[in-house]
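Every number in this text was worked out from the coordinates using simple rules, so none of it is lab data. As the structure is a prediction and not an experimental result, all values here were calculated from the model. Heads up, the Cβs are rebuilt from the backbone with ideal geometry, glycines too, and the neighbour counts pull from every protein chain shown.
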Ligand SMILES: [Zn+2]
């Protein structure tokens with residue numbers, strides 16, 4: 001059983017994480033075959049390219065949340081189909097949505113999914129297996145790892161430490177301690193990114 005201070009820390013941590021925009025599945029690396037860590041507000045789509053009002057909407061979502069895979073807000077967004085069209089074509093009745101992609105992620109995804117699709121479509125397999133293989137091709141070692149990239153909800157630990165830290169500590173001490181915890185977290189993520197490369 002969790003002690004009362006542990007419960008408070010846990011509840012406060014979850015609340016702060018959500019209030020700062022954190023999402024539990026958003027901690028994982030972003031797959032190029034599905035919605036990424038920054039995916040918000042899906043725009044209904046068809047197999048065609050994005051046009052008209054939906055393109056304007058996509059631009060607004062991009063300005064606010066950035067590329068759904070890497071969070072970049074550089075340049076103009078590309079409407080990324082989810083599921084990717086290569087997967088949707090294997091489904092009987094796919095429901096597509098657009099998410100904004102930056103130019104870099106769009107190109108990268110095109111390369112990964114294009115070459116995977118060329119190989120997988122040659123195989124004599126049922127569609128559900130091809131779908132599974134294509135989804136796997138966009139994730140795993142090909143996924144976008146956020147590594148050292150700071151996000152606002154990484155401050156969750158800092159807030160908990162400041163609010164619930166040792167009552168004998170001074171506030172500046174708590175802040176310094178919490179920053180040190182956050183930096184240690186970034187360092188671990190950075191090292192994990194380097195190991196993956
Ligand atoms: Zn991107």
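Using packing as a proxy for protection, rank 40-47, 124-131, 97-104, 109-116 so that the peptide with the highest average count of other Cβ atoms within 10 Å comes first. Working shown, then result.
Details: 40-47: 14.6, 124-131: 12.6, 97-104: 22.4, 109-116: 16.5.
Output ranking for 40-47, 124-131, 97-104, 109-116: 97-104, 109-116, 40-47, 124-131.
Pulled fully out, how much extra length does the chain show between residue 76 and residue 54, if you take 0.36 nm times their separation in residues and subtract their Cα-Cα distance? That works out to 6.5 nm of additional length.
Principal axis extents of the Cα atoms in region 30-144, from largest to smallest and rounded to whole angstrom, are 43, 29, 18.
A simple spin-label model places the labels of residue 63 and residue 46 2.8 nm from each other, with each point 7 Å out along Cα-to-Cβ. Panel order for 67, 105, by other beta carbons found within 10 Å of each beta carbon, from fewest to most: 105, 67. From most to least packed by mean Cβ count within 10 Å, the peptides 72-79, 53-60 give 72-79, 53-60. Label positions at residue 124 and residue 85, each projected 7 Å from the Cα along the C-beta direction, are separated by 3.0 nm.
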